[in-house]
Amino acid sequence: MSTTDQVHPSEESSDFLAEETPAASPAPCLTLDSGLTVRPWQDGDDLRLMEVWGDADDRQIEQDRAMLRPSSNDPWQRTVIAEEHEVPVAAATVVSSALHPTRLWFYAEVLPEHRRKGVAAQLLNILEAEMSNCSVQSLKARCAKGSAAQCFLKDNGFTKIQRSRDVVVAPGVLPIPDIENSPMDLEDLATGSVELSEVVAQFYNAVHHWDPAEMTIGTAQKYLLAPETGASGAVVLRDTSHQNRITAFAVSYTSEQTDAPADVLLGWNPQLAEHEAASAVSTLLALVAARYPVQLEVDDAMTPLTGIIDDLVERDEAEVDFEALIYARDQSA
């Protein structure tokens, strides 16, 4: 693509973002059909965009704005800014994920008054040209159900691959199991436990078959169980009749118990049969939500848990607080 003429952004745009421009030099610039100019991300663009965009429309946008960072090769990322009279009004990025290496995350946001002019689609075209320098060619993106982003993804060849819900489970809605007279044992376990980390890693990989993950004991510690993640404690359910193995676990990210729902990661040993996993996770959920509400993130791929949650939602004993959809556009498409 020419840096001066107004042409389609998929032409000759490869390497537009490959190298950082020295601070003393003007950034390379492209012009979109709408008249907006496009350049690589620069320091301070996050603050400039926040001044223009204001508060996020939903929590998914709030989370995804954090992906907007300078272009780099480790991790591989390319980010562009669209400006009107040197005021940033849109941004887009593609970034690799060490945990999910088969697809790049894509995120774009455009100021409302500049939407429906093809800006996001043209930014995507620019980034796709840059992807020729990356070993990964498939994309994925998140959006809120019924959002403008969902319409954009559908219109640009993305298909839905997953639904994720934040669900609040009311206290005492599940019957409390009789642990003392069963082959089950409830145990507090340090979040630094290697045994816990191994089960958490296996669980994460098992429930992300739709977006293959490479979670290890080390990365489970780093991303899910370290103090920096907010993990403040864990309990596990053990099967005393089967070598005392862990059957289910609950990791809390809420340090102090209040009337507000506690943020909990609830999972199970993926070596269990599905009906065994459902029984274990139901038992543990009943115990951790016996007196206080808990908030869970539930993907549709978590089938032993989704059946329980769907039943509670139908009975108004659990509430879906937020629903996000994940779309993908794979290279073969």
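If I ask for residues that are crowded, with 16+ Cβ neighbours inside 10 Å and either among the charged types (D, E, K, R) or over 15 Å from GLU187 (Cβ atoms) (or both), which ones from the stretch 230-244 would you list?
Passing the criteria: ALA231, ARG238, ASP239.
Which residue out of SER197, SER193, SER252 is under 14 Å from VAL288 (Cα atoms), polar (S, T, N, Q) and modelled with pLDDT of 95 or more? Spell out how you get there, then give the answer.
Details: SER197 fails: under 14 Å from VAL288 (Cα atoms); SER193 fails: under 14 Å from VAL288 (Cα atoms).
That would be SER252, the only listed residue that is under 14 Å from VAL288 (Cα atoms), polar (S, T, N, Q) and modelled with pLDDT of 95 or more.
Say whether the condition of being closer than 27 Å to ASP58 by Cβ, outside any loop (DSSP other than H, G, I, E, B) and of a type in the set (Lys, Arg) is met by at least one residue in the stretch 219-227.
no
If HIS208 passes every condition in (1) within 16 Å of VAL281 (Cα to Cα); (2) surrounded by fewer than 21 Cβ atoms within 10 Å (Cβ to Cβ); (3) in contact (Cβ under 8 Å) with a residue 60 or more places away in the chain but one, which one does it miss?
Status for HIS208: all satisfied but (1).
Does LEU285 qualify as being over 18 Å from SER164 (Cα atoms), in contact (Cβ under 8 Å) with a residue 40 or more places away in the chain, part of a helix (DSSP H, G or I) and not polar (S, T, N, Q)? Can you show your working first?
Working: over 18 Å from SER164 (Cα atoms): yes; in contact (Cβ under 8 Å) with a residue 40 or more places away in the chain: yes; part of a helix (DSSP H, G or I): yes; not polar (S, T, N, Q): yes.
Here the answer is yes, as LEU285 does meet what is asked.
Please enumerate the residues belonging to the stretch 306-331 that are without any contact (Cβ under 8 Å) to a residue 60 or more places away in the chain and of a type in the set (Ser, Thr, Tyr).
Within the stretch 306-331, just THR306 meets the criteria.
Taking GLY267 as the residue in question, decide whether it is buried (at least 20 other Cβ atoms within 10 Å of the Cβ) and modelled with pLDDT of 95 or more.
Working: buried (at least 20 other Cβ atoms within 10 Å of the Cβ): yes; modelled with pLDDT of 95 or more: yes.
Yes; evaluated as a whole, the condition is true for this residue.
Might you check whether a residue that is closer than 16 Å to PRO183 by Cα and in the same structural domain as PHE322 (by TED's automatic domain parsing) occurs anywhere in the stretch 225-236? Before the answer, list the steps.
Filtering the stretch 225-236 down to residues closer than 16 Å to PRO183 by Cα leaves 236.
From what's left, in the same structural domain as PHE322 (by TED's automatic domain parsing): 236.
For the stretch 225-236, residues closer than 16 Å to PRO183 by Cα and in the same structural domain as PHE322 (by TED's automatic domain parsing): present.
Each row is one residue, and each column tells you yes or no for (1) under 30 Å from LEU153 (Cβ atoms); (2) surrounded by fewer than 21 Cβ atoms within 10 Å (Cβ to Cβ); (3) basic (Lys, Arg); (4) under 25 Å from the mean Cα position of the chain (by Cα).
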residue	(1), (2), (3), (4)
ALA290	no, yes, no, no
VAL294	no, no, no, yes
GLU297	yes, yes, no, yes
MET302	yes, no, no, yes
ASP310	yes, yes, no, yes
VAL313	yes, yes, no, yes
GLU323	yes, yes, no, yes
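So, in the stretch 117-141, how many residues would count as being outside any helix (DSSP H, G or I) and closer than 22 Å to LYS160 by Cα?
Total meeting the criteria: 7.
Taking the condition of being part of a loop (DSSP other than H, G, I, E, B), of a type in the set (A, V, I, L, M) and modelled with pLDDT of 95 or more, how many residues in the stretch 143-188 meet it? Steps first, answer last, please.
To start, the set of residues in the stretch 143-188 that are part of a loop (DSSP other than H, G, I, E, B) comprises 145-147, 156-158, 170-183.
The next check asks that each one be of a type in the set (A, V, I, L, M); those that pass are 170, 173-174, 176, 179.
Adding the requirement that they be modelled with pLDDT of 95 or more leaves 170, 173-174.
Total meeting the criteria: 3.
Go through (1) in contact with an Asp or Glu (Cβ under 8 Å, 6 or more places away or on another chain); (2) surrounded by fewer than 17 Cβ atoms within 10 Å (Cβ to Cβ) one by one and return the number of the condition ASN181 breaks.
(1)
Only residues that are without any contact (Cβ under 8 Å) to a residue 60 or more places away in the chain, under 14 Å from LEU285 (Cβ atoms) and of a type in the set (Ser, Thr, Tyr): list them for the stretch 235-273, please.
Listed by number, the list holds a single entry, SER252.
The values are calculated or read from the model by the stated rules, or taken from the named source; none is laboratory data. In this text the structure is predicted, and so the values were computed from the model without any measurement. Note that each Cβ is placed from the backbone with ideal geometry, even for glycine, and that neighbours are counted across all protein chains shown.
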